[in-house]
1. Anything in segment A:130-155 that is without any contact (Cβ under 8 Å) to a residue 40 or more places away in the chain, of a type in the set (S, T, N, Q) and assigned to a helix (DSSP H, G or I)? List them, or say none.
2. Can you tell me which residues in segment A:34-53 are closer than 15 Å to residue A:223 by Cα and either loosely packed, with under 11 Cβ neighbours inside 10 Å or in contact with a Gly (Cβ under 7 Å, 6 or more places away or on another chain) (or both)?
3. Among (1) crowded, with 24+ Cβ neighbours inside 10 Å; (2) in a loop (DSSP other than H, G, I, E, B), where does residue A:83 come up short?
4. Every residue in segment A:92-128 that is under 27 Å from the mean Cα position of the chain (by Cα) and surrounded by fewer than 18 Cβ atoms within 10 Å (Cβ to Cβ), please.
5. Looking at the structure I just gave you, is residue A:268 within 14 Å of another protein chain (Cβ to nearest Cβ) and in contact with a helix residue (DSSP H, G or I) (Cβ under 7 Å, 6 or more places away or on another chain)?
6. Among the listed residues A:226, A:274, A:257, identify the single one that is at positive phi and either within 14 Å of another protein chain (Cβ to nearest Cβ) or modelled with pLDDT of 95 or more (or both).
7. Anything in segment A:276-306 that is among the aliphatic types (A, V, I, L, M), crowded, with 20+ Cβ neighbours inside 10 Å and within 23 Å of residue B:59 (Cβ to Cβ)? List them, or say none.
8. Suppose we keep only residues that are out of contact with any Leu (no Cβ under 9 Å at 6 or more places or on another chain), part of a loop (DSSP other than H, G, I, E, B) and within 14 Å of another protein chain (Cβ to nearest Cβ) within segment A:156-203. Which one would you say is nearest to residue A:142 (Cα to Cα)?
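The values are calculated or read from the model by the stated rules, or taken from the named source; none is laboratory data. Everything quoted here is computed from the prediction, not taken from an experiment. Note: ideal-geometry Cβ built from the backbone for every residue, glycine included; neighbour counts use all protein chains shown.
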Amino acid sequence: MRRVVITGAGTVNALAHDVPGTLAAMAAGRCAIGPLDIPDVERLTVRIGAAVTGWDPAAHLTRGQLAATDRFAQFALVAAAQAMAQSGLAVGEGHDCGAIIGTAGGGLTTTDAAYRAVYAEGKNRVAPLTVPKLMPNAAAGHVSMAHGLRGPVFALSSACASGTHAIGLASHLIRAGAARAMLAGGAEAMLSFGGIKAWEGLRVMSERACRPFSATRDGMVQGEGAAVFVLEERAAALARGAPILAEVLGFALTSDAGDLVAPSQAGAEQAMRAALADAGIAPAAVGYINAHGTGTTANDRTEAAAIRAVFGAAPPPVSSTKAMHGHVMGATGAVEVLACLLALQDGILSPTIGFETADSDCDLDVVPNAARRAEVAVTLSNSFAFGGLNAVLVLGRI
Amino acid sequence: MQLRDKVISIIAEKAVLDPSDVTLDASLASLGVDSLAMVEAIFAMEEAFDISIPFNANDPAEGRFDISTVGSIVAAVEDLLAQKVT
């Protein structure tokens with residue numbers, strides 16, 4: 001079977017605008033959640049988030065790209081450029097390289113601005129590129145143009161599992177021989193008035209902090225950003241001397257076919273078991289789990305029970321990095337792959353920060369508050385999405 | 001329609017029950033109102049009474065808005081309306 005490796009990584013998120021900065025922040029347990037500075041914030045109940053600050057897209061993008069991109073596509077373009085630079089992949093003129101960029105909301109900043117103009121400000125015109133900026137496949141399209149990717153290029157939307165689905169599906173395309181190399185990840189920029197107001201309606205957001213697995217948790221906190229990886233067929237990557245960051249050992253995608261929003265222990269369990277089976281790995285070989293760990297009562301309790309069921313009496317350390325970079329929605333699974341790379345490459349387990357009090361319903365070693373050293377050969381990363389969609393990625397050290 | 005009857009009609013609609021089956025001492029769980037239906041009922045009450053109800057689905061028992069029974073919800077809505085008038 002064709003095997004798949006990761007040969008490049010890039011990111012823009014609230015912790016840092018690149019991979020080294022993000023890994024350093026994860027190792028340091030830094031929290032990027034703070035007060036939001038957006039129009040009409042005073043009309044929001046939830047006024048915190050993990051925003052990308054100091055963002056200067058003009059420093060990275062051409063004038064043409066700047067004029068034609070929403071914030072989410074800008075994040076994707078910059079992350080993809082970093083990943084390509086690290087990988088050194090030569091794309092060529094063929095149709096065998098592509099991109100899958102997951103996103104939950106697409107160009108929400110653009111949508112928000114256009115709605116504000118016509119509904120709130122009574123204008124009768126919107127910016128001419130409103131449609132090509134807001135379309136969910138805009139990020140994938142821009143990435144393809146920037147790097148000459150002429151193979152399979154599309155967006156993928158499975159809410160909070162989008163990034164993980166994108167990486168997993170890209171690995172399947174390479175495995176199946178449908179592509180030689182793929183850029184894959186997620187991008188999201190939902191920290192606009194409309195994006196947060198919509199989430200307020202569900203009453204699952206915290207107004208204070210993200211405290212995954214802590215008994216004192218009271219909801220999720222949104223983040224924004226992107227992470228993009230270069231995935232290649234292993235033999236070709238080795239032959240060209242590419243940097244190998246990790247191997248994609250296994251992937252599973254399952255659906256609960258149950259509730260629209262409530263998580264399912266059986267669904268989470270099945271997805272983890274299937275991913276391990278796909279990788280041909282025993283549960284005991286897993287050294288670190290990056291949890292979905294949203295900080296909601298329901299997710300954390302359900303996910304902890306599912307991990308206990310799959311891994312038995314002694315599950316590996318589990319952490320949720322969302323307390324640092326926020327819940328990056330459609331990009332979150334991709335950003336969290338970085339925590340897996342940190343574990344595999346540097347032997348550092350990212351902490352679950354903001355942890356205050358143990359919850360007997362979440363009986364796990366959550367690496368509370370401070371990073372820890374550990375020799376890790378295999379990691380698992382969970383993403384569970386509204387719609388009952390589960391995606392689990394198994395990565396291995398080279 | 002009295003405040004109590006309006007609250008009961010909202011909960012009954014979300015529980016897909018006849019209002020006559022919704023008694024003040026009933027718990028939401030006993031009426032089959034799950035967390036999503038509860039969030040919808042809270043929204044409907046906010047709209048009906050033009051109030052803002054402090055409710056976080058992660059911690060419904062936090063005490064800012066007592067949802068233990070239909071009666072406690074009626075009382076909590078009455079409190080919020082009284083605060084609004086003063």
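1. Listed by number, the list holds a single entry, A:130.
2. A:35, A:36, A:48, A:49, A:50, A:52, A:53
3. Unmet for residue A:83, out of (1) crowded, with 24+ Cβ neighbours inside 10 Å; (2) in a loop (DSSP other than H, G, I, E, B): (2).
4. A:95
5. The answer is no for residue A:268.
6. Working: A:226 fails: at positive phi; A:274 fails: at positive phi.
Of A:226, A:274, A:257, the one residue that is at positive phi and either within 14 Å of another protein chain (Cβ to nearest Cβ) or modelled with pLDDT of 95 or more (or both) is A:257.
7. A:291, A:304, A:306, listed by residue number.
8. A:201
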